[in-house]
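Trainee: Next up is a structure, given as C-alpha cells.
FYI, it's all coordinate maths here, none of it is from the lab. Keep in mind it's a predicted model, so treat the numbers as computed, not measured. Note: ideal-geometry Cβ built from the backbone for every residue, glycine included; neighbour counts use all protein chains shown.
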Amino acid sequence: MTIEARGVVKSFGAFKALDGVDLKVANGELLALLGPSGSGKTTLLRIIAGLEWPDAGEILFDGENALDRGARERHVGFVFQHYALFRHMNVFENVAFGLRVQPRRIRKTEAQIRARVKELLDLVQLDWLADRYPSQLSGGQRQRIALARALAIEPRILLLDEPFGALDAKVRKELRQWLRTLHHSINVTSIFVTHDQEEALEVAHRVVVMDKGRIEQVGSPSDVYDSPATAFVHGFIGESIMLPVEVTGGAVHLNGRPLDIAVEGGAAGASTLFVRRHDMLIGPADSGTLHGAVTHVRSFGPVQRAEIALTEGSTIEIDAPRDRELRIGDRVGLKPRHYRIFAGG
Amino acid sequence: MSIEMTLQRTPDGSARSLAESAARRDPRAEPAIVRVAIITLAIAFLSIFVVLPLVVVFVEAFGRGVVAYLSALADPEAWSAIRLTLGVAAVSVGTNLVFGLAAAWAITKFDFPGKTFLITLIDLPFSVSPVISGLVFVLLFGAQGFLGPWLQDHDLQILFAFPGIALATIFVTFPFVARALIPLMQEQGTQEEEAAISLGASGLQTFFRVTLPNIKWGVLYGVLLCNARAMGEFGAVSVVSGHIRGETNTMPLLVEILYNEYQMVASFAIASLLAMLALITLIAKTILERNIDGDMPHDD
Ligand SMILES: Nc1ncnc2c1ncn2[C@@H]1O[C@H](COP(=O)(O)OP(=O)(O)OP(=O)(O)O)[C@@H](O)[C@H]1O
Ligand SMILES: [Mg+2]
C-alpha cells in the first residue's frame, strides 16, 4: 500500500505543528521520519493513523482518500512511543485483542485466534511470555509485544513512533537489526519515527528530515548525509563544523580574510560554511587555508578528536586519524576536503 | 484525614519503641520525643472523637441486652426505615454510577468547551449545605413550588415520598463516583483507548474491554463512598421527607426521632447499624485504595 500526504496542515491553537507536509511513501518501503523534538513527527503519524485530523490537506492510501475513514477502518498498525499495552490483559490477550474485536461475520474462531497469536509471538520471539502482564516485562519485550499486537490485524501500513526511544543503546541496536529483518520478511509499508539519526540511516530505505512542521529533505541515507539540502539538515545529520563566513566578489571570507576555497551552492552575503569533522584535513602549520593551535585532544575508536582554536577566532572540533600525532599546543593548518556553504548566518 | 496520614507515615519500627537506630537512618526523622508526643496526641484525639462515640453507640444499643436490641430492630417502624434507606441507596448509587462514569469519561477522554464549568458543577453538592439542597427540591416540587401545581394536577407525589427522598440523595451524592474516577482516568490518559481503536475496536468495545477494566477499582471505590453517604444522609433528606412515621423516615431520621422520644435502645440499635456500615465501608475503602494504586500507571 502506498501512502501520500498532500499539503497537510495541523495547528494546535495558534501553534502550527505541521505546516504543509507533502510526502509519498512507496509500497513496501521502510521510511524513517527524523527530526528534533517538537518537529511534528508524532503529529504526522497520528494523522496518517486517523487518531488526529488535519486542518487542511489530504491523506491518500493507494490513491484513495483516507480521511473519509476513521482510525478503526484504516487498518493501520500503530506502535506507540510508550507501548500503550493493555495493562489488565496478559501478553496473549494483548496480541489477540485486534482479532477478538473484529465484527462477528469475519471474526476468527478461538482456535484460529490462538494459532495466530502463537505465530506472532514466535515472530517476535517471545512466545514464552504469553501469560505475563505488561508490568512484568522489560522495555524491549514490551516494545516487541506492542509490535506483535499491531501486526495481528494484518495492517496495510505499519507506523512506529520512536519504537526504541526508551531503550538502552545495546538493546536498541539489536532491535534495530531485528526490525529491518522483520520488515524484510513481512514487507508492509512502514514509517518509523526516531530522533536517533544513526538509527534512521542504518535501518531505513529512505529518510525524511523534518523541522518545525516542515519536511526539509527526503532521500536515501547517503543522500541526506552526503548532500544535505539545507543548512538545518547539514547541522542535524552527522556532526558538522559550522563557521560563519561572508561570500563577496566570488570569494569566501572568514573574519574578513579570504579562504582558498571555491564558492559553492550559490550563496552570497552572510553565510555558513559546513564541514564534516572528518572532512577537515589537518596538516603542518604552513599548509591549508585555516590555521590554529591544538587546545585539546581525545582519542576513542578509530579517530582522535582535536579541539582547535583558530587564529580567526572560533574554536572547532575535528576528527583526525589516530596515526597523526597531535599534541596540545601544536600549530596546524586545515583545509576542508568536502564542504557546503548555505546562505544565512 | 491529616491524622490518618500522620499515622500511616510513622515508621513501622514503632514496636521497638521508635528505635533510635531508625531515627539515624531516616534523615527526615524528628527527635524521638517529638515523634512520641505527636503520635500520642493523634491517638488520643482519635480515641476521643472516633473510637469513643462508636463504643458509646454499641454500649447504649446493647444496654438492655441482646433481646431488647433485636426486638428494637424488628419493630415495623425500624423495618420500614431500613427498607426505605436500602431502596434510596440503591437508586442513588445506580443513578450516580451511570452519571459519574459518563461525566468522568467525557471530562478525561475528550476536549470540549465548558469542561471546566462541568468539573465545577460536579463539586457543587460538596460546597452547598445539604439542607439547602433539600430546600431546592421543596421549592421545585412543593405545593407552592415551581412544578407543584402541575404535579398535583397529574396526581404525582414527589415531595414527602420516595421520589423526593431519592432525588435529594442523588443530588447530595453525585460527586462521589465522578470524583473517584477523574484523577485515575486522567492519570491513565487515552493511549490504551487509541490503541484499541486503531486495532479496530468500536467505541463500546473500547469502553467495556479497555477503559472499564482499567478503572474497576476506582468505580467500586466511588460506589462505596456514594453508598455510605446515601445511607447516612440526614440534612437534605430531612427537609424533603415529611417524617411520615413508618413511611418516609430513613434510618438517620428515625434515629433522631427515637432519640427525641427517649427510646434510647431503639435509637442506638439503628445507629449501631449505621455505625457498622461505616466500619465495613472503612475496611473496604482501605482494600480498594490498595488496588487503585495498582491501576495507576507507572513510569517506565
Ligand atoms: N494535543 C496537542 N495540543 C497542543 N499542542 C500539541 C498537541 N500535540 C502536539 N502538540 C505540539 O505540536 C508540536 C509537535 O508535536 P509532536 O508530538 O508531533 O512532536 P514530535 O516531533 O513527535 O516530538 P518528539 O520527538 O518530542 O516526540 C509540539 O510543539 C507539541 O507541543
Ligand atoms: Mg513524538
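Trainee: Can you give the direction-averaged projected area of the convex hull of the alpha-carbon atoms in chain B, in nm²? Walk me through the numbers on the way to the answer.
Mentor: On the way: hull surface 88.7 nm².
Spelled out: convex hull of the Cα atoms, projected over all directions, averaged, 22.2 nm².
Trainee: Ok, one more. Just going by the charge dipole of chain A, with Lys and Arg at +1 and Asp and Glu at -1 on Cβ, which of A:272, A:11, A:247 is farthest out on the positive end?
Mentor: The residue sitting most towards the positive pole is A:11.
Trainee: Peptides A:46-56, B:145-155, A:109-119: what's the order by average Cβ count within 10 Å, highest mean first?
Mentor: Values: A:46-56: 19.1, B:145-155: 11.8, A:109-119: 13.9.
Per-residue mean Cβ counts within 10 Å order the peptides as A:46-56, A:109-119, B:145-155.
Trainee: Would you mind working out the magnitude of the charge dipole of chain A relative to its Cα centre, with +1 at each Lys and Arg C-beta and -1 at each Asp and Glu C-beta, to the nearest 20 Debye? List each step's numbers first, then the result.
Mentor: Numbers: 43 positive and 43 negative charges, 261 e Å.
Result for chain A is approximately 1260 debye, rounded to the nearest 20.
Trainee: Given charges of +1 on the Cβ of Lys and Arg and -1 on the Cβ of Asp and Glu, with all other atoms neutral, how large is the dipole of the protein assembly as shown about its Cα centre, in debye to the nearest 20? Don't jump to the answer; show the numbers that get you there.
Mentor: Numbers: 60 positive and 68 negative charges, 194 e Å.
Using only the charged Cβ atoms, the result is roughly 940 debye.
Trainee: Hey, got the average number of other protein chain Cβ atoms within 10 angstrom for residues in A:98-106?
Mentor: Details: counts 6, 2, 5, 10, 4, 2, 0, 0, 0.
Neighbouring Cβ atoms belonging to other protein chains average 3 per residue here.
Trainee: For B:280, A:145, what's the fewest-to-most ordering of other Cβ within 10 Å of each Cβ? Spell out each step's value before the answer.
Mentor: On the way: B:280 12, A:145 26.
Least crowded to most crowded, the residues run B:280, A:145.
Trainee: State whether the range A:44-116 is rounded, prolate or oblate according to the following rule on the C-alpha gyration tensor (a ≥ b ≥ c being the square roots of its eigenvalues): a/c under 1.5 gives rounded; otherwise a/b larger than b/c gives prolate, and the remaining case gives oblate.
Mentor: Values: a/c = 3.18, a/b = 1.65, b/c = 1.92.
In terms of gyration-tensor shape, oblate.
Trainee: Dividing the Cα convex hull volume of the range A:118-171 by residue count, how many Å³ per residue is that? Write down the numbers at each step before the final one.
Mentor: Details: hull volume 5.0 nm³, N = 54.
In the range A:118-171, the Cα convex hull volume per residue is 92 Å³.
Trainee: Still on this structure, please answer the following. Inside 10 Å of the C-beta atoms of B:186-193, what's the mean count of C-beta atoms belonging to other chains?
Mentor: Numbers: counts 0, 0, 1, 2, 2, 6, 8, 2.
Mean partner-chain Cβ count within 10 Å for B:186-193: 3.
Trainee: Among A:232, B:144, B:39, pick out the residue whose Cα is farthest towards the positive end of the charge dipole of the protein assembly as shown, where Lys and Arg carry +1 and Asp and Glu carry -1 on C-beta, about the Cα centre.
Mentor: B:39
Trainee: Determine the equivalent ellipsoid of the range B:150-300 by diagonalising the alpha-carbon gyration tensor, then write out the semi-axes as square roots of 5 times the eigenvalues, largest first, rounded to whole Å. Each step should come with its number before you reach the end.
Mentor: On the way: eigenvalues 318, 97, 18 Å².
Equivalent ellipsoid of the range B:150-300: 40, 22, 9 Å, largest first.
Trainee: Tell me, what is the percent relative contact order of the range A:239-343, built from C-alpha pairs under 8 Å that lie six or more residues apart?
Mentor: Values: 248 pairs, mean separation 33.5, N = 105.
After rounding, I find 32 percent.
Trainee: Considering the protein assembly as shown, what Rg and Dmax in Å follow from its alpha-carbon atoms?
Mentor: Taking only Cα atoms of the protein assembly as shown, I get Rg and Dmax of 35.5, 114 Å.
Trainee: Moving on to the next point. Taking each residue in B:280-291, count the Cβ atoms of any other chain within 10 Å of its Cβ, then average. What number comes out? Can you show the working numbers first?
Mentor: Numbers: counts 0, 0, 0, 0, 0, 0, 0, 0, 0, 0, 0, 0.
Taking all residues of B:280-291 together, the mean is 0.
Trainee: Follow-up. Can you give the calculated 222 nm mean residue ellipticity of the protein assembly as shown, where each DSSP H run of n ≥ 4 adds -39,500 (n - 2.57) and the sum is split over every residue, rounded to the nearest 500 deg cm²/dmol? Could you put the intermediate results ahead of the total?
Mentor: Working: 25 runs with 305 residues, N = 645.
When only DSSP H runs of four or more count, the value is -14500 deg cm²/dmol.
Trainee: What FRET efficiency, computed as 1/(1 + (r/R0)^6) with R0 = 30 Å and r the Cβ-Cβ distance, is obtained for residue B:119 and residue B:280, rounded to the nearest 0.05? Provide the component values of the computation, followed by the final result.
Mentor: Details: r = 31 Å, r/R0 = 1.02.
So the FRET efficiency works out to roughly 0.45.
Trainee: Sticking with this one: Going by average Cβ neighbours within 10 Å, how do the peptides B:227-240, B:108-121, B:90-103 rank, with the highest at the top?
Mentor: On the way: B:227-240: 22.3, B:108-121: 11.1, B:90-103: 18.8.
In descending order of packing, they fall as B:227-240, B:90-103, B:108-121.
Trainee: Can you compute the FRET efficiency between residue B:153 and residue B:67 using 1/(1 + (r/R0)^6), with r the Cβ-Cβ distance and R0 = 51 Å? Round to the nearest 0.05. The partial results should precede the final answer.
Mentor: Working: r = 51 Å, r/R0 = 0.99.
The value I calculate is 0.50.
Trainee: Hey, another quick one. List the lysines whose Cα sits under 28 Å from the Cα of residue B:115, skipping any in the same chain fewer than 8 residues away.
Mentor: A:10, A:16, B:216
Trainee: Would you mind classifying chain A by shape? Square roots of the alpha carbon gyration tensor eigenvalues, ordered a ≥ b ≥ c; an a/c under 1.5 is rounded, otherwise it is prolate if a/b is larger than b/c and oblate if not. Let's see the in-between values first.
Mentor: On the way: a/c = 3.31, a/b = 1.93, b/c = 1.71.
It comes out prolate by the Cα gyration axes.
Trainee: If contacts are Cα pairs under 8 angstrom and at least 6 residues apart, what is the relative contact order of chain B in percent?
Mentor: 27
Trainee: Ok, one more. How would B:258, B:73, A:34, B:279 line up from fewest to most surrounding beta-carbon atoms within 10 angstrom? Mind showing how you got there, number by number?
Mentor: Values: B:258 24, B:73 16, A:34 28, B:279 11.
Ranking B:258, B:73, A:34, B:279 by Cβ neighbours within 10 Å, fewest first, gives B:279, B:73, B:258, A:34.
Trainee: Any aspartates and glutamates with Cα under 14 Å of the residue A:173 Cα? List them, leaving off those in the same chain fewer than 8 positions away.
Mentor: The reachable aspartates and glutamates, counting only those whose Cα sits under 14 Å from residue A:173, are A:162, A:196, A:198, A:199, A:202.
Trainee: Got a sec? Charge dipole of the protein assembly as shown, +1 on Cβ for Lys and Arg, -1 for Asp and Glu; which of B:173, B:274, B:116 is way out at the positive end?
Mentor: Projecting each Cα onto the dipole axis, the largest value belongs to B:274.
Trainee: Once phi is turned into θ = phi - 60°, what whole-Hz ³J(HN,Hα) does the Karplus curve with 6.51, -1.76 and 1.60 give for every residue of the range A:223-229, x standing for Gly and Pro?
Mentor: Listing the rounded values in order: 4, 5, 7, 8, 10, x, 7 Hz.
Trainee: Still on this structure: Using a ≥ b ≥ c from the Cα gyration tensor of the range A:154-295 (square roots of the eigenvalues), is it rounded, prolate or oblate, where a/c under 1.5 gives rounded and otherwise the larger of a/b and b/c decides, a/b for prolate? List each step's numbers first, then the result.
Mentor: Values: a/c = 3.28, a/b = 2.17, b/c = 1.51.
Cα axes put the range A:154-295 in the prolate bin.
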